[in-house]
Amino acid sequence: MRRTERLWGAAVLQLLLAARVVAAFELISVGIAIGAASLLTTYLSYTDIYCHFSECCREEQPLNASALKLDLEEKLFGQHVATEVILKALTGFKNNKNVKKPLTLSLHGWAGTGKNFVSQIVAENLHPKGLKSNFVHLFVSTLHFPHEQKIKLYQDELQKWIRGNVSACASSVFIFDEMDKLHPGIIDAIKPFLDYYEQVDGVSYRKAIFIFLSNAGGDLITKTALDFWRAGRKREDIQLKDLEPVLSVGVFNNKHSGLWRSGLIDRNLIDYFIPFLPLEYRHVKMCVRAEMRARGSAIDEDIVTRVAEEMTFFPKDEKIYSDKGCKTVQSRLDFH
């Protein structure tokens, strides 16, 4: 009987010891969990504080589509096609968690129609510092790639620059201005980065955005707009499908487009060819008013009319479209 009691007592003691060990491990586990949570909170707080004073690349930050829409509608005049396509393209791209390639947009139209302005709006909506952001990169053909005999050097440097910046921030934005002045062949250096590859040399380019700005195709866009006007059809009836096929073929066959016989077009790597329509008299007046508001001035319709009437318009007989768009509005307003 006593032996049974001793065995029973030993079993109870073992159970009590085991319970204490389990409790100790549970306390350790809870302590580790609390410590990990504390470290994570501290890290996140530190990151937030750091990013408040220094720009951070927040790749997963969603696009505020409403803010972009408002910016385009309030600041871009006479470009219903561009507004619709850019809004849909960016929203779809940023909301897609499984994109297969970078977003590539090619903007076409005469000077002063809003191409540079749109690239600025897009940059500001993707990265708060806009064109001043460390993650937005602007290339100007006549400045960065001036010499035809250095094409191979430019191609190598361009690849290294893009690779390095996308490695630092996957959602980098690259803007190529004056594409119509870019020597043929240079832009094909970035073709592997725009293609449907998961990675190129260990780097994924799928979250990056490439924007090309070009005057090439401006004549094709104007012809379509004039055809609509002469047929008595509304400007707002022009759709992307009326111009995109003509633009892609036109710039592919144009030696002065920067995309002459480019593999980017041949491989269908440019997602949208976006037309910027020539601006009418009423649109120029909108630009004048916007500039006056930006300067903090009261809107004076007499000045608005005088500035708009100082602009020159084409074709010679109809005089429908401003030949400089809104490009000289700022300087002309200085005289009033």
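Here are some notes:
- Degrees separating the helix 240-252 axis from the principal Cα axis of the chain, which is the longest one: 80
- The spread of Cα positions in the range 107-218, taken along each principal axis and listed from longest to shortest, comes to 40, 37, 24 Å.
- Per residue accessible area in Å² of the range 227-328, where ligands, DNA and RNA are left out and the probe is 1.4 Å: 55
- Per DSSP, loop trypsin sites (Lys or Arg not before Pro) in the range 256-307 with at most 15 further Cβ within 10 Å: 261, 267, 295
- Ranked order, 148, 157 - accessible area, probe 1.4 Å, largest first: 148, 157
- Along its principal axes, the range 274-319 has C-alpha extents of 35, 28, 11 angstrom, given from the largest down.
- Global size of the chain as Cα Rg and Dmax, reported in angstrom: 29.3, 123
- Charge dipole of the chain about the Cα centre (unit charges at C-beta), most positive-ward option of 98, 165, 185: 98
- Once exposed loop chymotrypsin sites (Phe, Trp or Tyr not before Pro) are cut out (DSSP; at most 15 other Cβ, 10 Å), longest piece of the chain: 1-195
- Percentage, to the nearest whole number, of Cα pairs in the range 236-328 over 14 Å apart: 73
- For the range 61-132, the set of trypsin sites (Lys or Arg not before Pro) satisfying both a DSSP loop assignment and a count of at most 10 other C-beta atoms within 10 Å is given as 97, 100.
- Within the accessible area of the chain (1.4 Å probe), percent carbon and sulfur: 56
- Amide H contacts under 5 Å for residue 313: 323, restricted to partners 5 or more places along the chain or on a different chain, H placed in the peptide plane at 1.01 Å from N.
- Distant-in-sequence amide H partners of residue 212 (H built 1.01 Å from N, under 5 Å): 105, 106, 107, 176
- DSSP bridge orientation in the chain - percent antiparallel, rounded to nearest 5: 15
- Only helical runs count toward this figure. For the chain, summing -39,500 (n - 2.57) over DSSP H runs of n ≥ 4 and dividing by all residues gives -17000 deg cm²/dmol at 222 nm.
- J(HN,Hα) series, the range 321-336, from Karplus relation 6.51 cos²θ - 1.76 cosθ + 1.60, nearest Hz, glycine and proline x: 10, 6, 6, 10, x, 10, 4, 9, 4, 4, 5, 5, 5, 4, 8, 10
- Most to least accessible of 311, 286 (protein chains only, probe 1.4 Å): 286, 311
- Backbone geometry of the range 159-173 corresponds, through the Karplus equation with coefficients 6.51, -1.76 and 1.60 at θ = phi - 60°, to 3J(HN,Hα) couplings of 4, 5, 5, 5, 4, x, 6, 6, 4, 7, 8, 4, 9, 5, 10 Hz, x marking Gly and Pro.
- Two-decimal Rg to Rh for the range 78-163 - Kirkwood Rh, Cα set: 1.00
- For the range 256-336, GluC sites (Glu not before Pro) meeting the loop criterion (DSSP other than H, G, I, E, B) and having at most 16 other Cβ atoms within 10 Å: 318.
- Accessible surface, per residue, of the range 152-206 when the full set of protein chains is kept, probe 1.4 Å, Å²: 44
- Long-range amide H partners of residue 137 with built H, under 5 Å: 173, 174, 175
- Stretching residue 201 away from residue 318 to a fully extended chain increases their span by 36.6 nm, per 0.36 nm per residue minus the current alpha-carbon distance.
- Using a cutoff of 8 angstrom between alpha carbon atoms and counting only pairs six or more residues apart, the relative contact order for the range 202-332 works out to 20 percent.
The values are calculated or read from the model by the stated rules, or taken from the named source; none is laboratory data. Since the model is a prediction, treat every value here as computed from it, not as a measurement. Positions of Cβ are generated from backbone atoms using ideal geometry, with glycine treated the same way; all protein chains shown enter the neighbour counts. Ligands, DNA and RNA are stripped out before the accessible areas are found, and what is left, the full protein with its side chains, is counted by its heavy atoms. Shrake-Rupley method; radii C 1.70, N 1.55, O 1.52, S 1.80 Å.
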